[in-house]
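A short write-up of the structure that comes next.
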Amino acid sequence: MSDGSLRDVSRADPTKSRAPWLVDVSTSVSLPVHILSAVRSRFVWISLENSTTRMSPSDARVVEYGPSDPVVEVLRGGVSTRLLHHPDRSFAFEVTLDLVRGAEFFRQKPPVHFHLQEEYIEATQGRVGLEVEGREVVLTPGPDARFDIPPYMNHRSYPLLLDRQEDGNTVVKFLLSGGSKTDSPAASNLHPIFFENWYKYQDDVVVYGASIDLIQVFCMFDAGGTYLSLPWWVPFGQTVSIALGVVLGRWIGSGLLGYQPFYRKWTSDWELAFVGKRAKRGMGNVRHDFLERQELPVGLLPVPDRRVRDHARADGR
């Protein structure tokens, strides 16, 4: 089971809890902001010190594997995700991380973020790091190994590097799931299409050198009910982050500039992406309605970054 060890990542290195593309500014803020942050941090710390309350029975024996499960592989084989069936959740993945093949990519942690839905993560092989509100929880396999991440909790997950794994272990696996089976798949915030597109977008950026397009990131995250966590000193940070996602990603990106949150070339189930976007007003449905009226196929809108577009032409995607 999880060893429940906690480490204050933000105090060890304050820059580690920030999204890599957020510009740093002076941390000289007003005293009330410091007080509010300290109170909030202490409340979260007390909650995490009793982290076993968030540990739940394993899903390892509940998820169902099949011979035709869709598999997405990115980062030169360093990361692969397998879509599974869970009897109670709207989606479930098995994520496999090869610490040798993906060594150069795992040095950089993913951005801290939060979701509007609850998310569940569980290590099934090796040791997984889960940073929650600046504190690190180490997840290991076991009968009560599932960590439940409530909505709006700032977090990120990553494999512990080779020097922090058990001797000889080079592969990390974990289950990731969310939503409820009673939810409509099209209207759900977190869903397989969001994760599939996000993984493949990272592949184009990290492996093929495409530059990060913040509007594309905001557009994609907003469609998946996911938002970047701003630095601790930003007042009402989560409200600001959601507003950025809606204004920059949904209204300006998708509504005015023609961005799509999801792309056909990155999506296995394009029909669900099409229906899902129409279920969420303002996420590109106007453009799709126009294409529908013209009786044209719902195709891929141009990816804003030229290198991504050229790479897509080169490999026929």
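The values are calculated or read from the model by the stated rules, or taken from the named source; none is laboratory data. Given the structure is predicted, the values throughout are model-derived calculations rather than measurements. Note that each Cβ is placed from the backbone with ideal geometry, even for glycine, and that neighbours are counted across all protein chains shown.
Quick check on my filter: what residues within segment 112-129 are surrounded by fewer than 21 Cβ atoms within 10 Å (Cβ to Cβ) and without any contact (Cβ under 8 Å) to a residue 60 or more places away in the chain?
Scanning segment 112-129 gives Gln125, Arg127, Gly129.
Kindly evaluate Ser157 against the criterion of being surrounded by fewer than 14 Cβ atoms within 10 Å (Cβ to Cβ) and free of Cβ contacts under 8 Å to residues at least 60 places away in the same chain.
Numbers: surrounded by fewer than 14 Cβ atoms within 10 Å (Cβ to Cβ): no; free of Cβ contacts under 8 Å to residues at least 60 places away in the same chain: yes.
When the stated conditions are applied, Ser157 does not pass them.
Right, Asp222: outside any loop (DSSP other than H, G, I, E, B) and either at pLDDT below 60 or surrounded by fewer than 18 Cβ atoms within 10 Å (Cβ to Cβ) (or both) or not?
Numbers: outside any loop (DSSP other than H, G, I, E, B): yes; either at pLDDT below 60 or surrounded by fewer than 18 Cβ atoms within 10 Å (Cβ to Cβ) (or both): no.
Judged against the criteria, Asp222 is not a match.
Of the residues Lys173, Lys109, only one is of a type in the set (Lys, Arg) and either modelled with pLDDT under 95 or surrounded by fewer than 17 Cβ atoms within 10 Å (Cβ to Cβ) (or both); which?
Details: Lys173 fails: either modelled with pLDDT under 95 or surrounded by fewer than 17 Cβ atoms within 10 Å (Cβ to Cβ) (or both).
None of the other options fit; the residue is Lys109.
Restricting attention to segment 82-106, report how many residues are assigned to a loop (DSSP other than H, G, I, E, B), modelled with pLDDT of 90 or more and not basic (Lys, Arg).
Count: 6.
Regarding segment 64-72, can at least one residue be identified that is assigned to a strand (DSSP E or B), among the small types (Gly, Ala, Ser), modelled with pLDDT of 90 or more and not assigned by TED's automatic domain parsing to the domain that holds Gly237?
Pass one, segment 64-72, residues assigned to a strand (DSSP E or B): 64, 71-72.
Among the residues that remain, those that are also among the small types (Gly, Ala, Ser) are: none.
No, the conditions are met nowhere in segment 64-72.
Is at least one residue of segment 134-144 touching a residue at least 60 places away in the same chain (Cβ under 8 Å), more than 22 Å from His86 (Cα to Cα) and not in a strand (DSSP E or B)?
Yes, that holds for at least one residue.
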